[in-house]
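What follows is a single structure, written as structure tokens, with notes after it.
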Amino acid sequence: MSHEGIRIVPEDVARKATGQQEELSREAIDPERVRVHQSEGTGVEIVWKDGHASHWTFAWLRAACPCATCVEQREADGREPGQPKPEPKTALPIFKPAARPNKVHAVGRYAISFDWNDGHTSGIYSWHYLRSVCNCDACRPGTDPAGAATPSES
Ligand SMILES: [Zn+2]
Ligand SMILES: [Zn+2]
């Protein structure tokens with residue numbers, strides 16, 4: 001007679017197995033209000049129809065460009081969307097202006113695109129994509145806002 005036993009799966013493991021690719025509801029990917037703070041340069045705010053609010057800086061959005069070239073580059077570097085390219089270690093610091101869009105376009109009713117100040121224009125940021133990369137504390141519990149990622153200089 002064999003003992004099957006009771007398998008106890010820790011709750012978070014079980015949730016990971018089932019809920020990882022959670023489907024977003026229609027309301028979750030439908031913006032109620034979109035604000036692009038182009039002249040202030042502070043980024044994009046979206047309030048979704050399900051009540052959720054998202055905010056991204058332009059620098060983050062530039063580094064999360066969803067075009068094929070940028071996605072490939074990020075995959076090659078092992079970067080997450082929004083994670084900037086590592087700066088080349090050169091003796092002379094190269095001045096790079098902060099990313100911001102010269103122009104913002106609506107793409108049909110499902111996306112926006114930016115003409116970035118570095119000349120890049122091919123990324124189409126769909127509502128679905130933006131919601132899936134929401135940067136708020138609730139959606140990104142893994143990131144430490146205390147700044148564990150900031151390199152310490154001595
Ligand atoms: Zn791109
Ligand atoms: Zn969120």
- Item | Filtered residue count, region 51-65, keeping only those that are of a type in the set (Ser, Thr, Tyr) and not in a loop (DSSP other than H, G, I, E, B) | 1
- Which listed residue, of Ala98, Ala91, is modelled with pLDDT under 95 and either within 16 Å of ligand 1 (Cβ to nearest atom) or in contact with a helix residue (DSSP H, G or I) (Cβ under 9 Å, 6 or more places away or on another chain) (or both): Ala98
- Restricting attention to region 88-117, which residues are in contact (Cβ under 8 Å) with a residue 40 or more places away in the chain and of a type in the set (A, V, I, L, M)? Ala98, Ala99, Val104, Ile112
- Query: Does Pro81 satisfy being closer than 18 Å to Cys134 by Cβ, touching a helix residue (DSSP H, G or I) at 6+ places or on another chain (Cβ under 6 Å) and within 13 Å of ligand 1 (Cβ to nearest atom)?
  - Reply: no
- Cβ-Cβ under 6 Å pairs, at least 6 apart or on other chains, region 60-71 side near ligand 1 (Cβ under 6 Å from one of its atoms), far side among the polar types (S, T, N, Q): Cys67/Ser122
- Within region 114-129, residues polar (S, T, N, Q) and within 10 Å of ligand 1 (Cβ to nearest atom) come out as Thr121, Ser122
- Query: Regarding Lys49, is this residue of a type outside the set (A, V, I, L, M, F, W, C), on the phi < 0 side of the Ramachandran plot and surrounded by fewer than 12 Cβ atoms within 10 Å (Cβ to Cβ)?
  - Reply: no
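The values are calculated or read from the model by the stated rules, or taken from the named source; none is laboratory data. Model, not experiment: these values are computed from the prediction. Cβ coordinates were reconstructed from backbone atoms using ideal geometry, including for glycine residues, and neighbour counts include every protein chain displayed.
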